[in-house]
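The block underneath contains the structure these notes are about, expressed in structure tokens.
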Amino acid sequence: MGESMNKRILLVEDEPGLVLTLTDRLRSEGYTLEYASDGVEGFERATRETFDLLILDLMLPYKSGLDLCRDLRQRGVLTPVLILTALGQMTDKVVGLKLGADDYVTKPFEMPELLARVEALLRRATVVTPPSNIYQFGTVRVDFQQALVERDGQMIDLSTLEFRLLEYFIHNRGLTLPRDELLNEVWGYNAIVSTRTVDVHIAWLRQKLETHPRHPRYILTVHGTGYKFAG
Ligand code: CA
């Protein structure tokens with residue numbers, strides 16, 4: 001029991017009865033148990049706080065367990081995920097595993113089975129400590145904590161400015177970012193540089209990160225406006 005003492009689990013489940021049963025039992029095993037009752041709250045907590053394991057129900061208000069799992073993985077949250085699925089949701093199980101879940105338990109489940117799976121996932125996670133603050137797109141891996149970028153397993157040498165530019169792109173992925181905004185946010189309001197400077201740095205960044213810099217897949221040009229990150 002000693003090992004479970006400092007493990008934090010987030011349960012995202014909307015059935016009050018099941019929340020009660022699970023929290024009681026897992027707490028009595030020595031785990032620290034937190035819970036969220038819908039998918040949106042679950043996403044907020046799982047991205048803002050650190051957990052050792054996430055237990056997600058599939059049918060949740062606002063955001064399903066599958067969407068939640070996918071969004072968390074896209075955000076770079078690598079916490080192990082155990083999915084609770086109802087009988088007959090076979091397709092959901094398969095989809096869940098594809099979207100980055102690590103295991104699932106079918107409802108109604110026997111408590112010993114659930115506990116065994118929880119333990120197994122926590123053990124696995126202890127061996128391979130999930131890196132925090134990592135973002136991955138294609139074969140590029142960005143470590144924000146250490147400010148390191150790898151592509152195909154090779155370290156990529158980025159200038160501080162290039163790294164900040166990439167960071168800004170990742171935090172605002174999917175949004176069209178005008179050159180002016182990039183200048184203000186990355187170079188700073190007082191920088192005396194022209195928007196042309198942005199284009200030059202984008203070209204360098206593409207050279208370093210894109211497989212085909214002339215036909216970029218991630219750092220896209222939005223004609224007449226600016227750029228958009230699609231990683
Ligand atoms: Ca439910």
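The values are calculated or read from the model by the stated rules, or taken from the named source; none is laboratory data. Since the model is a prediction, treat every value here as computed from it, not as a measurement. Here Cβ is always computed from backbone atoms with ideal geometry, including for glycine, and neighbour counts include all displayed protein chains. Accessible surface areas use protein heavy atoms only, side chains included; no ligands, DNA or RNA. Shrake-Rupley method; radii C 1.70, N 1.55, O 1.52, S 1.80 Å.
Here PRO178 meets the list (1) in contact with a Phe, Trp or Tyr (Cβ under 8 Å, 6 or more places away or on another chain); (2) surrounded by 15 or more Cβ atoms within 10 Å (Cβ to Cβ) almost entirely, failing just condition (1).
Of everything in region 187-231 that is over 26 Å from ASP71 (Cβ atoms) and aliphatic (A, V, I, L, M), the residue that is nearest to the chain's Cα centre (by Cα) is ILE202. Here GLY76 passes the criteria (1) within 25 Å of PRO112 (Cα to Cα); (2) away from the ligand (no atom under 14 Å from the Cβ); (3) not hydroxyl-bearing (Ser, Thr, Tyr) except the one numbered (1). From the list GLY39, GLY76, GLY17, GLY65, the one residue that fits, being buried (at least 21 other Cβ atoms within 10 Å of the Cβ) and out of contact with any helix residue (DSSP H, G or I) (no Cβ under 6 Å at 6 or more places or on another chain), is GLY65. For ARG141, the stated conditions do not hold, so it cannot be described as among the charged types (D, E, K, R), modelled with pLDDT of 85 or more and open to solvent by less than 60 Å² (accessible area, probe 1.4 Å).
Here's the yes/no breakdown for (1) away from the ligand (no atom under 12 Å from the Cβ); (2) at pLDDT 95 or above; (3) more than 16 Å from the chain's Cα centre (by Cα):
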{"position": "LEU11", "(1), (2), (3)": "no, yes, yes"}
{"position": "VAL19", "(1), (2), (3)": "no, yes, yes"}
{"position": "ASP38", "(1), (2), (3)": "no, yes, yes"}
{"position": "GLU41", "(1), (2), (3)": "yes, yes, no"}
{"position": "ARG48", "(1), (2), (3)": "yes, no, no"}
{"position": "PHE51", "(1), (2), (3)": "yes, no, no"}
{"position": "LEU56", "(1), (2), (3)": "no, yes, no"}
{"position": "MET59", "(1), (2), (3)": "no, no, yes"}
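Filtered by the rule that a residue be open to solvent by 60 Å² or more (accessible area, probe 1.4 Å) and either over 21 Å from LEU115 (Cα atoms) or within 16 Å of the ligand (Cβ to nearest atom) (or both), region 21-36 gives THR21, TYR35. Pairing each residue of region 51-65 that is more than 18 Å from GLY17 (Cβ to Cβ) with any residue that is of a type in the set (S, T, N, Q) and crowded, with 18+ Cβ neighbours inside 10 Å, provided the two are 6+ apart or on different chains, yields C-beta distances under 8 Å for PHE51/THR79; ASP52/THR79; LEU53/THR79; LEU54/THR79.
Restricting region 79-100 to residues that are of a type in the set (A, V, I, L, M, F, W, C) and modelled with pLDDT under 85, which is nearest to ARG124 (Cα to Cα)? Looking at residues that are of a type in the set (A, V, I, L, M, F, W, C) and modelled with pLDDT under 85, I get LEU97.
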